[in-house]
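K.L.:
Let me give you the structure first, and then I'll get to my questions.
All of the numbers you see were taken from the coordinates with simple rules; none came from a lab. All values derive from a computational prediction rather than experimental measurement. Quick reminder, even Gly has a Cβ in these numbers, built from the backbone with ideal geometry, and neighbours come from all protein chains shown.
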Amino acid sequence: MDVKSMNPKLIVHGGAWNIPENECAAHLEGLQKAVDHVYPLLRSGLTALDAVEKAVNMLELDPTFDAGRGAFLNAVGEIELDAMIMDGSNLDYGAVAGVQNYLHPVSIARKVMERTEHCFLIGNGAQRFADRMEFVQVKPEELLTEREREYYERIKHDPGFTTRRPFDRSGCDTVGAVALDQYGNLAAATSTGGTPRKLPGRVGDSPIIGAGAYADNLLGAASATGWGESILKVLLSKTTCDMLRTANAMDAAERAIELLGERVKGLGGVIVISNNGDYGFAHNTPQMAFAYMADDQIEVNISAYS
């Protein structure tokens, strides 16, 4: 196959959880904007790596989602952000966790990948690195939405609250993107504010290679979302990619989600593109929001689990 003739592909997600009816329109609009902006650039020669970063940047800007602006508050009322990005052409990977006061953690993660000998920076070290790379810090109020402030006030002293409650509140969740460019290269990225009222320092699946995302030109690329502790246990994104060895993209996504539920009683969703350009997506949460380009039309969906 002449990889230079490949038709680029792009799929993004805005979380897999329970999305209230009054928030569905905002989810759909935010996802459509990301695909509508980035896909024409892919068609014009943008790399998969640039595409997933740009798409996630747009979702980090959108207060609808739990990433960048709009992220959940942790147990002490602070916002801690995690993100990762991965290049399927060479398996390069960069990630940050526990960063504060930055709007685009996924871009910091890419700098970790490209400008250091490391893969993963956390907390104060990630903060200092971001400053050195001249990322501009923003005030915490620029990341905090009134929706999340009000929610935090309701739950902060609730003795029965757990970060795993999947069915009782807004669909704000992790964002992610997967792309295949015209050169045959794959990339994936994921960004999140984590779970509401999480312990300070908690890191879920999103910045962990193989869990929150994975990309390998020999197989495919995936991005996951949902209950992070369960996704970590089965390395959902890597598991999905591995299943592409014997299954098409849709079957691989469905089998990986079945494993998540059966093996660890996990809850989540995954999007995937195989190395031949097929899309896959599946979830076992009440809903998952995603969008992708197919036949020159943007397909935007909030699917319900059945």
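K.L.:
Picking from Ala211, Ala222, which residue would you name as being under 21 Å from Ala55 (Cα atoms), out of contact with any His (no Cβ under 8 Å at 6 or more places or on another chain) and assigned to a strand (DSSP E or B)?
P.N.:
After ruling out the rest, the residue left standing is Ala222.
K.L.:
So which of Gly220, Gly194, Gly201 ends up being touching a residue at least 40 places away in the same chain (Cβ under 8 Å) and either basic (Lys, Arg) or surrounded by fewer than 22 Cβ atoms within 10 Å (Cβ to Cβ) (or both)?
P.N.:
None of the other options fit; the residue is Gly201.
K.L.:
Further, regarding this structure: Search the range 75-93 for residues that are within 16 Å of Val56 (Cα to Cα) and in contact (Cβ under 8 Å) with a residue 24 or more places away in the chain and pair each with any residue that is not aliphatic (A, V, I, L, M) and not in a loop (DSSP other than H, G, I, E, B) when their beta-carbon atoms are under 6 Å apart and the residues are at least 6 apart or on different chains.
P.N.:
If the second residue must be not aliphatic (A, V, I, L, M) and not in a loop (DSSP other than H, G, I, E, B), the pairs left are Leu81/Pro105; Asp82/Thr192; Ala83/Pro105; Ala83/Ser191; Met84/Thr190; Ile85/Gly94; Ile85/Arg110; Met86/Tyr93.
K.L.:
Also, I was wondering about something else. Show me the helices (runs of 4 or more DSSP H) entirely contained within the range 102-153 in which 2 or more residues are in contact with a helix residue (DSSP H, G or I) (Cβ under 9 Å, 6 or more places away or on another chain).
P.N.:
Answer list for the range 102-153: 105-115, 123-132.
K.L.:
Going by the structure shown, is His27 outside any helix (DSSP H, G or I), surrounded by 21 or more Cβ atoms within 10 Å (Cβ to Cβ) and of a type outside the set (A, V, I, L, M)?
P.N.:
No: the conditions fail for His27.
K.L.:
Considering only residues of the range 43-82 that are among the charged types (D, E, K, R) and not in a helix (DSSP H, G or I), which is surrounded by the most Cβ atoms within 10 Å (Cβ to Cβ)?
P.N.:
Only one residue fits best here, namely Asp82.
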